[in-house]
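Beneath this line is the structure, given in structure tokens, with notes to follow.
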There are 2 protein chains.
Amino acid sequence: MSEHVKYLLSEDDIPRTWYNLAADLPDPAAPRHPGTGADITVDDLLAIMPEALARQELSREREIGIPDGVRDVYRQWRPSPLYRARRLERALDTPARIYYKYEGVSPSGSHKPNTAVAQAYYNRRAGITRLATETGAGQWGSSLALAGALFGLDVDVYMVRVSYEQKPYRRMLMETYGARCVPSPSPETAAGRAVLAADPDSPGSLGIAVSEAVEVAGADPGTSYAGGSVLNHVLLHQSVIGQEAIAQFALADDNPDVVIGCAGGGSNLGGLAFPFLGRKLRGGPEVRIIAAEPAACPTLTRGTRAYDFADATGLTPLLRMHTLGHGFVPPPLHAGGLRYHGIAPLVSAAVAAGLVEPVAVAQTDSFAAGVRFARAEGIVPAPESAHAVEVAVREASRCREEGVGRTILFGLSGHGHFDLGAYERHLAGALRDEPHDEAGVRAALTAVPGLAAATDLAGLADV
Amino acid sequence: MSEHVKYLLSEDDIPRTWYNLAADLPDPAAPRHPGTGADITVDDLLAIMPEALARQELSREREIGIPDGVRDVYRQWRPSPLYRARRLERALDTPARIYYKYEGVSPSGSHKPNTAVAQAYYNRRAGITRLATETGAGQWGSSLALAGALFGLDVDVYMVRVSYEQKPYRRMLMETYGARCVPSPSPETAAGRAVLAADPDSPGSLGIAVSEAVEVAGADPGTSYAGGSVLNHVLLHQSVIGQEAIAQFALADDNPDVVIGCAGGGSNLGGLAFPFLGRKLRGGPEVRIIAAEPAACPTLTRGTRAYDFADATGLTPLLRMHTLGHGFVPPPLHAGGLRYHGIAPLVSAAVAAGLVEPVAVAQTDSFAAGVRFARAEGIVPAPESAHAVEVAVREASRCREEGVGRTILFGLSGHGHFDLGAYERHLAGALRDEPHDEAGVRAALTAVPGLAAATDLAGLADV
């Protein structure tokens, strides 16, 4: 029997439709207009995105067709492999069967091109010539830069300053693809200038970078905003991951008892887990879903569920989601892709409904799991993905303690080739766990609309 | 029709034997003992490698079985994809059909694990506990570090100092896999100390690093030397690349007129091209093979064919090969994997027999081709591979000029994720082309055994 098992599908098995959890979830709260409080309409969104994406954002249809022009690009690396982690199982001496779906095979090294390609396709078709976006660790920015190169679109990336400085190779990758990369907060936008005026040394945050990109897109009809996570249409595009995994588990004649994904904005978790969750909601097999988030930016485990802005300065529609407050600036984690004050409304709704369990993971634990995984399986995980690895290791250890052989699937959303500086610091014992900034969150939550009047924020208000 | 075409094989199609060009080449000159001048024997090699590898090194058998324990690890990323570069073809407006075989899908990002895994397997089986090796750009060192982690072997890597400083992420990758990485020349070995005594600021060279690794392996029975290129058994292991490509061209119902590989030590070129060359030598289809080497280290185009040492200080057997002199220290190219004074004897013999055409490529041309390829096909090539891209672009441009639609295959031996600093310098216009150090080569050639007495070195002596 083969030692290392991968389950491959043919190109014909690339899904032909995206799966939309909003069709199966009892209450996928709609975004609201911050001025009127009314539900957002397609027209409201047209200022920053083309109609096709605006319609997907608000759609409740279960299946939405994937254009041939998108599938043709997916073919370069999709279907992505599903691996059985036999060497890790042996290293952990666990009766668990551990699988991982590996999205690092894309040209930019993560799951992000699944939506970058789709967004570039629709924008190109709508006559847009430039995309503006934010990026944290740079996985998203480099993926949109890639998609821009393939579809002939200019790409401006506002990159969170702390990541811009920590991860120069990600910036260089974007520039090699032809994109322009700007450290955020920047003096290029009113939003950036306002943050810099208050704190010239601001490390930046995903929320601030979103503000800059949305401002730029709103000011120029030829420019669209392209979101890397959080939004419904982004999670929709990522559903190819979980749909493929379901087909691959059929090949493996197995089925996951637990599905684990890291969660920052929520698109990786949603992309992997929602097809499994939807199957369960429609009467299919039971499945536990775990969202692994960083302990120093604990949106799901310590945040409040409310209507809040997706950006730092209040330019976006209000999204109903777990939030630490749109003005909260999380500590400078190495898993920059998880460093976000909010979470996708669909993930938030699934957590609120008890369908997804959130777990907070300390940074040092995630890197220790990343090294363990690299030495067993040969792939160095992205720091974000390492959060999922750590939770998978914990679940496999529980199986050993309980003497039960469950099937565990986790998402290896990307490789850590551009994050080796952080691994070096970890190996040198120089990484520390930033404490959760409880006081900062309390202060930020008072600025959330509707929460300002709330008297007690300690009890995880759900308003 | 699909826009981007990849040709995948199933895991069952991973070759079951390695192909050995020495069986089909009229005169694959045997290595010689530097003391006696006699042909090297298996016994001579046992001081630094296990018997299985020593036998492969001297074998003239055409096919050598791949152990199941090696194929099982290959399954993680093999068969590697063959891509049709349709977007590049369109960008070049060429009637040529351009294909590339992409080895960057391995966990360390290059073709090097094909032999690292095999060498680790045989050493582990022979009871060896530590491997010592050299590395230039770090593609090889990180691949051996990976293989060491998978087979439970300690790995010491002597990394050429200039690359150690240029490519810190490669060192970090080796350390994440658990290997020890030492800048070479180092004070750890007599060879390193001798170089440092003569030049404390030596940038190092592959030849010097080989000396250090061979010295360490020779001094400890529990330590083997593991070579990343040049040696016959290394080219043997790499033959999986070309064998898969032949099967993939059958799927594509096409056949390459030209096969292009970059050549430093020669294992990438040999791995891709030799199965095609062997087929031709046995009466199969005609094929042109081009070796792309750096203009600033032009072993094949400006070197002399002679028996010379594989390392800088004369610890290895004498290999019959094109050489710039074992003491020659090439200028600090970014394509560190091509920065070697010699070349695989099998490649040298094929060039001498007129079966392989060498072409020298300037560094700036290679990076320009790398950027062009990245923007068309989405993958950033390793600087070494970019030399092959440049030659493929030239061949495709010739097809346009001549109005002839040939089929071009090139080897994309690895990705450039760890080389983005060099791309940044290229994009900033800060890269320059180091001149070929003709005087340095003349001086170094006088130290080559047998050439010392030669009166005229200008005419590319073949002794």
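Values in this text are rule-based calculations from the coordinates and carry no lab data. The structure displayed is predicted, hence computed values, not measured ones. Positions of Cβ are backbone-derived with ideal geometry, glycine not excepted, and every protein chain shown enters the neighbour counts.
Our summary gives chain B a relative contact order of 19 percent, counting only alpha carbon pairs under 8 angstrom and 6 or more residues apart. For B:Tyr99, nonlocal amide neighbours, meaning residues 5 or more places apart or on other chains whose placed amide H falls under 5 Å from its own, are B:Ala85, B:Ile408, B:Leu409, B:Phe410. Taking a ≥ b ≥ c as the square roots of the eigenvalues of the alpha carbon gyration tensor, chain A is rounded, as a/c is under 1.5.
For region A:2-100, applying the loop criterion from DSSP together with a ceiling of 15 other beta carbons within 10 Å to the GluC sites (Glu not before Pro) yields A:Glu61. Tell me the net charge near B:Asp154. Cut-off is 9 Å between Cβ atoms, B:Asp154 excluded, with +1 for each Lys or Arg and -1 for each Asp or Glu. Charge balance in the 9 Å sphere: +1. With only the Cα atoms considered, region A:131-280 has a convex hull volume of 131 Å³ per residue. For the protein assembly as shown, the antiparallel share of DSSP beta bridges with both residues in that region comes to about 35%. Checking the Cα-Cα distances for B:Lys6/B:Lys101; A:Lys112/B:Lys101; A:Lys167/B:Lys167; B:Lys6/B:Lys167; A:Lys6/A:Lys101 against a 19 Å cut-off, the pairs over it are A:Lys112/B:Lys101; B:Lys6/B:Lys167.
A viscosity of 0.692 mPa s and a temperature of 37 °C, combined with the Kirkwood radius over C-alpha pairs in the Stokes-Einstein formula, give region B:34-175 a diffusion coefficient of 188 µm²/s. Summarised as an ellipsoid, region B:244-383 has semi-axes of 26, 21, 11 Å, derived from the eigenvalues of the Cα gyration tensor scaled by 5 and square-rooted, with the largest first.
Each helix, a run of at least 4 DSSP H residues, gives -39500 (n - 2.57); summed and divided by the residues of chain A, these come to -12000 deg cm²/dmol at 222 nm. Kirkwood hydrodynamic radius of the protein assembly as shown from all distinct Cα pairs, in Å? Averaging 1/r across every pair of different Cα atoms and inverting gives 28.3 Å. May I ask for the distance between the Cα centers of region A:143-166 and region B:185-253, given as a whole number of Å? If we compute the Cα centre of each part, the gap is 37 Å.
Chain A holds its axis-closest Cβ, relative to the rotation onto B, at the residue and whole-Å distance A:His417, 2. Under a 5 Å amide H cut-off, with hydrogens placed 1.01 Å from N, A:Ile66 pairs with A:Thr17, A:Trp18 among residues at least 5 apart or on other chains.
When the Cα atoms of region A:103-197 are aligned to their principal axes, the ranges along those axes come out at 38, 30, 19 Å in descending order.
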